[in-house]
1. What lysines sit close enough to K281 to cross-link, taking a C-alpha to C-alpha distance under 20 Å and skipping anything fewer than 8 places away on the same chain?
2. How large is the charge dipole for the stretch 154-306, taken about the Cα centre, if only the Cβ atoms of Lys, Arg (+1) and Asp, Glu (-1) carry charge, to the nearest 20 debye?
3. Just in the stretch 20-86: which trypsin sites (Lys or Arg not before Pro) are loop by DSSP and have at most 13 other Cβ atoms within 10 Å?
4. Determine which lysines satisfy two conditions relative to K3: a Cα distance under 20 Å, and not lying fewer than 8 residues away in the same chain.
5. Please state the shape class of the stretch 191-334: rounded when a/c is under 1.5, otherwise prolate if a/b exceeds b/c and oblate if not, all from the C-alpha gyration tensor.
6. Any idea what the dipole of the stretch 98-230 comes to, in debye rounded to 20, about its Cα centre with Lys/Arg Cβ at +1 and Asp/Glu Cβ at -1?
7. What GluC sites (Glu not before Pro) does the stretch 277-334 have in DSSP loop regions with at most 16 other beta carbons within 10 Å?
8. Would you mind checking which residues have amide H under 5 Å from R271's amide H? H placed 1.01 Å from N; only 5 or more apart, or other chain.
Amino acid sequence: MLKTLIVGASGYAGVELATYLNRHPHMNITALAVSAQSLDAGKLLSDLHPQLKGVLDMPLEPLNDAADYADRVDVVFLATGHEASHDLAPAFLDAGCVVFDLSGAFRVNDANFYRQYYGFTHQHQAWLDKAVYGLAEWQQERIKTAQLIAVPGCYPTASQLALKPLIEAGLLNPAQWPVINATSGVSGAGRKASLTTSFCEVSLQPYGLFTHRHQPEIAAHLGVPVIFTPHLGNFPRGILATITCRLNAGITHDDIAEAFHNAYHDKPLVRIYDKGVPALKSVVGLPFCDIGFAVQGEHLIVVAVEDNLLKGAASQAVQCLNIRFGYPETQSLV
């Protein structure tokens, strides 16, 4: 049994992690932690999330010093903001723990990226160089030996899973950048109260036009430029991404279908639609990314849907855990 710590367990992604790991046959949750300043410190997780009453009645311990836990656990999940992960991850890594970081603190191996898009100077270039990007379907071999796995963002996961097979197969016309329009439920903004993400205030609105930090994350790992526009919708959870592309001359519907089949026929958590396109209801509460597409002439529209808290966060982190330690990839997820 691997002893594990979840930091940031009170948040939406954190409680999903706790739920998956609590039923994982090879994991033992040693502690659940929150920042020492958190108003949730000292409360039971099941008091904040009543669906866990009688299932996971563990206290949320205030985390003052990583050293208090580092020698007691094998695996650490950081469901924390990027500033906190940036500071905490190296302490656990130096103690020999395997760290799965759900923040953006180690996703791109370029210090300039953090100055430009996150507004801070990265202090841990050595760990940034060693971090493996945890896009599970595409990084399996590297994940197997990694000590630090940077779990992708929710928008980047859906976008890359939809586009990467097409780019790898050379089907897209490079003269036209893929255009990604993606809408997320309000849980993507986290559990902390805010007027701008209050359910009664949200209707449907784009945000971060040309400035959202997930655009360079997507472009960096795809290796091609993209236009990415996120939207906030008035629903709790889920992401739907509609992606418009230009195909190379002569590419057919069958060529697209073959590329997706070759990429995902043996990947149990990506489901490709033979006909039609998926809706959010197909994936909310589930660890899948569903992908469908339509072709007209040289134009391609791909639709990808996922639960932003699961395939876009917690379940992908657990999927990476399973790959890293040689467990069945869908252990505790399906």
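What follows draws every value from the coordinates through simple rules; no lab data is involved. These figures come from a predicted structure and were not determined experimentally. Neighbour counts are summed over all protein chains in view; Cβ atoms, including those assigned to glycine, are modelled from backbone coordinates with ideal geometry.
1. Filter leaves K311.
2. So the magnitude is around 560 debye.
3. Here the sparse-neighbourhood loop sites are R23, K53, R72.
4. K144
5. oblate
6. 200
7. E298
8. Those lying under 5 Å, H to H, from R271 are C289, D290, I291.
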